[in-house]
1. Between Ile55 and residues 5 or more places away or on another chain, which pairs have amide H atoms under 5 Å apart, with H built 1.01 Å from N, and which residues are they?
2. First compute the accessible area of the stretch 8-64 with a 1.4 Å probe, then give the percent of it belonging to carbon and sulfur atoms.
3. Ile12 versus Asn28, label points 7 Å from Cα toward the beta carbon: distance in nm?
4. I want the local charge near Lys9. Using Cβ-Cβ distances under 13 Å, sum +1 for each Lys or Arg and -1 for each Asp or Glu among the other residues.
5. Students often get this wrong, so try it: which of [x] 4.1; [y] 5.0; [z] 6.2 is mean projected area of the Cα convex hull in nm² as calculated from the structure shown?
6. Set Lys and Arg Cβ to +1 and Asp and Glu Cβ to -1, take the dipole of the chain about its Cα centre, and tell me which of Ile63, Thr48, Thr19 lies farthest positive.
7. Given a Förster distance of 22 Å, report the FRET efficiency between Leu47 and Glu4 from their Cβ-Cβ distance, rounded to the nearest 0.05.
8. As a test, work out the antiparallel percent of DSSP beta bridges whose residues both lie in the chain, rounded to the nearest 5.
Amino acid sequence: MVIENKKCKFLIQVCEEVTGDNKKREINGLSEAMDFFNIKEGYMVTLTQTDILKIQNSTIHIISLEQFYKTVKV
């Protein structure tokens, strides 16, 4: 969770890899947080995977760690 001005700006879920075994759990955890904070887009950072998931009215961006570093400019 990234907070700015006492408000949740965006949510980040981190996992090594999204697999058939953990996909539901990882997505549900991020989706619940997105619902709680009323945020329409969330991010899941993995080692190498990239994808975009549309869930109801929300979007989850699955991005690689490399892509995350380039985006965030750490």
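1. Ile60
2. The nonpolar share, carbon plus sulfur, comes to 47 percent.
3. Label-label distance for Ile12 and Asn28, simple model: 2.5 nm.
4. That works out to +1.
5. Among [x] 4.1; [y] 5.0; [z] 6.2, the one calculated here is [y].
6. Ile63
7. The value I calculate is 0.20.
8. 45
The values are calculated or read from the model by the stated rules, or taken from the named source; none is laboratory data. From a predicted model like this one, the values you see are computed outputs, not experimental measurements. In this analysis, Cβ positions are derived from the backbone assuming ideal geometry, glycine residues included, and neighbour counts consider all displayed protein chains. Surface areas here come from the heavy atoms of the whole protein model, side chains and all, with no ligands, DNA or RNA. Shrake-Rupley method; radii C 1.70, N 1.55, O 1.52, S 1.80 Å.
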